[in-house]
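The values are calculated or read from the model by the stated rules, or taken from the named source; none is laboratory data. Owing to the predicted nature of the structure, the values given are computational and were not obtained by experimental measurement. All Cβ positions, even for glycine, are placed from backbone atoms using ideal geometry, and neighbour counts span all protein chains on display.
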């Protein structure tokens with residue numbers, strides 16, 4: 001099967017988290033057909049409110065070199081106003097269009113097609129797949145549970161390639177060696193509700209909150225490790241418990257998101273957030289860390305992937321730790337991680353698309369990478 005057909009079949013699975021709609025079984029069947037041992041693993045949350053289907057697959061039994069591939073078959077909701085059916089995998093003007101084609105069914109399809117060619121010849125080593133179904137909503141019953149299972153069953157690779165979209169203006173111009181960490185914060189302010197004409201009778205929770213938000217937004221965040229983009233704090237939501245124009249609210253809250261390099265950790269940022277609030281009354285905080293900053297500066301992996309890219313598309317990639325988070329933040333605790341895939345220009349947007357030529361070249365790059373890695 002060629003990569004465009006393979007990716008189209010995956011797009012037609014409406015695998016919006018937590019639904020799988022056959023995507024995992026499709027991949028398991030394909031990998032089994034080319035000689036992989038496959039296990040479909042279902043993990044549930046503690047309260048059984050969330051159940052996610054995942055795939056582990058393995059080819060080979062040598063411990064000399066063990067390469068893992070991480071991907072996620074789930075996608076975000078399609079949204080509205082597409083020019084085509086988002087799950088029909090439409091080809092138009094040299095592009096394949098569909099929800100998940102870039103993030104990241106295209107990467108999975110390209111690696112699977114490259115693997116199918118690669119395993120036709122003898123090699124010394126082992127290849128492992130980690131395909132998950134909830135990356136878009138936190139990876140709790142996906143890669144986090146799958147890695148725990150892999151550790152218990154001795155299935156952790158030496159190195160891991162993640163097929164997430166990483167390229168910028170053209171395929172191959174950027175490789176991700178890591179990402180900033182992410183910390184979400186809810187700030188809650190309590191006052192006393194009252195009529196705005198009688199200031200002696202109320203305490204304005206919203207005014208108190210806004211003063212704090214203005215202060216923390218201007219906080220001077222350090223920037224010493226230039227491998228990462230600068231840490232930034234953004235106010236993302238603001239709420240109150242009333243909608244009347246002449247009523248002062250009792251309860252107000254704001255959401256913050258902080259993307260941070262390894263100048264910080266989540267714990268250090270928690271301390272900063274709370275210390276800057278000491279002059280304000282009745283503020284409380286809930287913290288939701290998504291992951292810490294990480295960076296993998298393995299020269300061997302960088303060279304193998306860079307040479308593979310240059311061989312196929314003729315350019316030398318840059319190395320970055322920008323972008324959002326990925327499941328690499330969990331695997332980096334166990335092995336080297338490097339991230340490379342198609343352009344990220346249209347991910348999570350309507351009319352998500354990838355050049356057909358880029359998908360074909362991505363398969364070739366992955367095949368060249370496999371050949372050099374196991375050389």
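Only residues that are touching a strand residue (DSSP E or B) at 6+ places or on another chain (Cβ under 7 Å) and either modelled with pLDDT under 95 or assigned to a loop (DSSP other than H, G, I, E, B) (or both) were counted in the stretch 204-218, giving 1.
Exactly one residue among 88, 109 is over 18 Å from residue 142 (Cα atoms), surrounded by 21 or more Cβ atoms within 10 Å (Cβ to Cβ) and in the same structural domain as residue 162 (by TED's automatic domain parsing), and that residue is 109.
Taken as a whole, the structure leaves residue 281 outside the set of residues that are surrounded by fewer than 18 Cβ atoms within 10 Å (Cβ to Cβ), assigned to a strand (DSSP E or B) and touching a residue at least 60 places away in the same chain (Cβ under 8 Å). Report yes if residue 69 is surrounded by fewer than 23 Cβ atoms within 10 Å (Cβ to Cβ) and touching a helix residue (DSSP H, G or I) at 6+ places or on another chain (Cβ under 9 Å), otherwise no. For residue 69, the condition - surrounded by fewer than 23 Cβ atoms within 10 Å (Cβ to Cβ) and touching a helix residue (DSSP H, G or I) at 6+ places or on another chain (Cβ under 9 Å) - is not met.
Within the stretch 136-150, one or more residues are surrounded by fewer than 24 Cβ atoms within 10 Å (Cβ to Cβ), more than 18 Å from residue 308 (Cα to Cα) and without any contact (Cβ under 8 Å) to a residue 40 or more places away in the chain.
Yes or no: residue 347 touching a helix residue (DSSP H, G or I) at 6+ places or on another chain (Cβ under 6 Å), at pLDDT 95 or above and more than 30 Å from residue 213 (Cβ to Cβ)? No, not satisfied.
Look at (1) more than 22 Å from residue 323 (Cβ to Cβ); (2) surrounded by fewer than 21 Cβ atoms within 10 Å (Cβ to Cβ); (3) touching a residue at least 60 places away in the same chain (Cβ under 8 Å) and you find that residue 127 fails only one, number (2).
Can you find even one residue in the stretch 239-260 that is within 30 Å of residue 175 (Cα to Cα) and without any contact (Cβ under 8 Å) to a residue 60 or more places away in the chain?
First, pick out the residues of the stretch 239-260 that are within 30 Å of residue 175 (Cα to Cα): 256-260.
Then drop every residue that is not without any contact (Cβ under 8 Å) to a residue 60 or more places away in the chain, which leaves none.
No, there is no match, as no residue in the stretch 239-260 is within 30 Å of residue 175 (Cα to Cα) and without any contact (Cβ under 8 Å) to a residue 60 or more places away in the chain.
The number of residues in the stretch 286-297 that are at pLDDT 95 or above and over 13 Å from residue 267 (Cα atoms) comes to 3. Among residues of the stretch 196-225 that are surrounded by 14 or more Cβ atoms within 10 Å (Cβ to Cβ), those with a beta-carbon under 8 Å from a residue that is at pLDDT 95 or above and assigned to a helix (DSSP H, G or I) at least six positions away or on a different chain give the pairs 216/273.
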